[in-house]
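S.K.: Could you have a look at this structure, given as structure tokens, before my questions?
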Amino acid sequence: MVFRKLTLISLLILSFATFLIIESCKHDPGIMATPDPDPDPDPDPQFCDTTSISYTSIVPILSANCYGCHNDQTANGGVNLKPYETVVFLAQNGILAGVINHKQGYTPMPPAGKLNDCDLLIINKWVNDTTFEDPGGGNDHPCDPDSVYFENEILPLIVSSCATTDCHGTVNPQDDIILVDYASIIDNGKIMPDDPEGSKLFKVINEDEPQDRMPPEPNEPLTAEQINKLRIWIEQGALNNSCDNGCDTTNVTYAENVWPIIEGKCFGCHSGNNPGGNVFLRNYTEVVVVANDGRLWGSVNHEAGFTAMPKNLPKLSECELAAIRIWIEEGAQDN
Ligand code: HEC
Ligand code: HEC
């Protein structure tokens, strides 16, 4: 609305100014005859320095072209571009590139016309070249106990609760809603960073009516702990992040090493009324059955003759695989 009012006012000012110019020109027809040279020629590409692009290179462009309509006071389209997390969020899920490059399906930004070629080049390069996950460099991003990480916790949670057979996997998804990776979860779950209550996925898991709730009856609702993880992840900017606490397989036990993997990445599909492949993995007694008959290792290690698990998720990490292998080799005990 604010934007509409602003547009209206600027239109009025513009037409008044045009009127004044035309009026004044009436007395001097010579001016009308000489067309203005291009008032804002594109900068020479030679002068576009793209050698070392970081967020610091982006801020002046956003400040000059976007902050005016996208700040904490005036957040057109609900977008405040000042926090780093918001820009990263928009960069990661393709929206930033979509709006500035005027891709189909996105609102062209800024509304008055495209950024100049150099600014476009800089933002596009930043979006494409930045691995937003590890600001420290290198792959070891130790897990901060106060943070919730997408790859470690949210993706497995959503896939094993929602991307089950006949629900939101890639084959025959309900309502065409696929929820299998970061892009599809952000897009189809209508995730608004920093705003759990405004995010559709968060709303549907909290529905009071069991028939509207996700996952729907007869499935169990998500636990309070799972819902809270999702809330924190969204509040922390709904980033596509991951962390890594290193790999310690010196003293592998079922409780410390194996059950957390099963609970986080398998339980959702292997519980409830219609467990995948009729395999229940709800507790030690059930896990040890597939451990002993070879299906656990065969499926997680993607061996020939077994269905690759976890379904719809990336293969378990080397560390997770090592823990499962060692646990099985040491007798698959309830330890
Ligand atoms: C003159 C005001 C104005 C400027 C300048 C402006 N925007 Fe917008 N922006 C808007 C309005 C209004 C909307 C809401 C459009 C809608 O919902 O149809 C919007 C929406 C958006 C959205 C959400 C788009 C979507 O499809 O949901 C993004 C992202 C965005 N702008 C980014 C930018 C960026 C990046 C810049 C600078 C390069 C920018 N905007 C400059 C007014 C502006
Ligand atoms: C998104 C749902 C989903 C997730 C997540 C999932 N499974 Fe499965 N699982 C299935 C389905 C469905 C089947 C039946 C085979 C098929 O239709 O693909 C199955 C089959 C299996 C089988 C039998 C495989 C065979 O070849 O006989 C085992 C063992 C298994 N899963 C273990 C696991 C383990 C361990 C995990 C976690 C690391 C896991 N699953 C995660 C859905 C899932």
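The values are calculated or read from the model by the stated rules, or taken from the named source; none is laboratory data. Since the structure is predicted, the reported quantities are computational estimates derived from the model, not experimental observations. Every residue, glycine as well, gets a Cβ built from its backbone with ideal geometry; the counts of neighbours run over all protein chains shown.
S.K.: Output the residue which, of all residues in segment 165-216 that are without any contact (Cβ under 8 Å) to a residue 40 or more places away in the chain and polar (S, T, N, Q), is surrounded by the most Cβ atoms within 10 Å (Cβ to Cβ).
M.R.: For segment 165-216, the residue satisfying everything is Ser199.
S.K.: Condition first: near ligand 1 (Cβ under 10 Å from one of its atoms) and either at pLDDT below 90 or outside the structural domain of Tyr67 (by TED's automatic domain parsing) (or both). Now tell me which residues in segment 104-116 satisfy that.
M.R.: Gly105, Tyr106
S.K.: Listed residues Ala238, Ala255; which is part of a loop (DSSP other than H, G, I, E, B) and at pLDDT 85 or above?
M.R.: Numbers: Ala255 fails: part of a loop (DSSP other than H, G, I, E, B).
Answer to the check: Ala238.
S.K.: Restricting to segment 290-321, and then to whatever is among the aliphatic types (A, V, I, L, M) and over 31 Å from the mean Cα position of the chain (by Cα), can you tell me which residue is nearest to ligand 2 (Cβ to nearest atom)? If you could, list the steps in order and put the result at the bottom.
M.R.: Quick first cut of segment 290-321, residues among the aliphatic types (A, V, I, L, M) only: 290-291, 296, 300, 304, 308-309, 313, 316, 321.
Imposing the further condition that a residue be over 31 Å from the mean Cα position of the chain (by Cα) reduces the set to 290-291, 304.
Details: Val290: 4, Ala291: 9, Ala304: 10 Å.
Here the answer is Val290.
S.K.: What number of residues within segment 63-98 are under 23 Å from Asp187 (Cβ atoms), of a type in the set (A, V, I, L, M) and either near ligand 1 (Cβ under 7 Å from one of its atoms) or surrounded by fewer than 14 Cβ atoms within 10 Å (Cβ to Cβ) (or both)?
M.R.: Counting residues in segment 63-98 that are under 23 Å from Asp187 (Cβ atoms), of a type in the set (A, V, I, L, M) and either near ligand 1 (Cβ under 7 Å from one of its atoms) or surrounded by fewer than 14 Cβ atoms within 10 Å (Cβ to Cβ) (or both) gives 5.
S.K.: Counting residues that are out of contact with any helix residue (DSSP H, G or I) (no Cβ under 7 Å at 6 or more places or on another chain) and either touching a residue at least 60 places away in the same chain (Cβ under 8 Å) or within 17 Å of Ser160 (Cα to Cα) (or both), which helices (runs of 4 or more DSSP H) fully inside segment 261-335 reach at least 2?
M.R.: Working: elements: 284-292, 295-300, 318-329.
Hits in segment 261-335: 318-329.
S.K.: Another question, if that's okay. From (1) modelled with pLDDT of 85 or more; (2) assigned to a loop (DSSP other than H, G, I, E, B), pick out the condition that doesn't hold for Ile227.
M.R.: Of everything listed in (1) modelled with pLDDT of 85 or more; (2) assigned to a loop (DSSP other than H, G, I, E, B), Ile227 misses just condition (2).
S.K.: Could I ask something else about it? Can you tell which of Gly277, Gly268 is at positive phi and either of a type outside the set (A, V, I, L, M, F, W, C) or within 10 Å of ligand 2 (Cβ to nearest atom) (or both)?
M.R.: Result: Gly277 is the single residue among Gly277, Gly268 that is at positive phi and either of a type outside the set (A, V, I, L, M, F, W, C) or within 10 Å of ligand 2 (Cβ to nearest atom) (or both).
S.K.: Could you check, for segment 242-255, whether at least one of its residues is within 14 Å of ligand 2 (Cβ to nearest atom) and crowded, with 16+ Cβ neighbours inside 10 Å?
M.R.: yes
S.K.: Have a look at Asp175, Asp187 and point out the one that is modelled with pLDDT under 85 and assigned to a helix (DSSP H, G or I).
M.R.: Within the list Asp175, Asp187, the selection yields Asp175.
S.K.: Restricting to segment 242-261, count the residues that are within 24 Å of the chain's Cα centre (by Cα) and of a type in the set (Val, Ile, Thr).
M.R.: Qualifying residue count for the region: 1.
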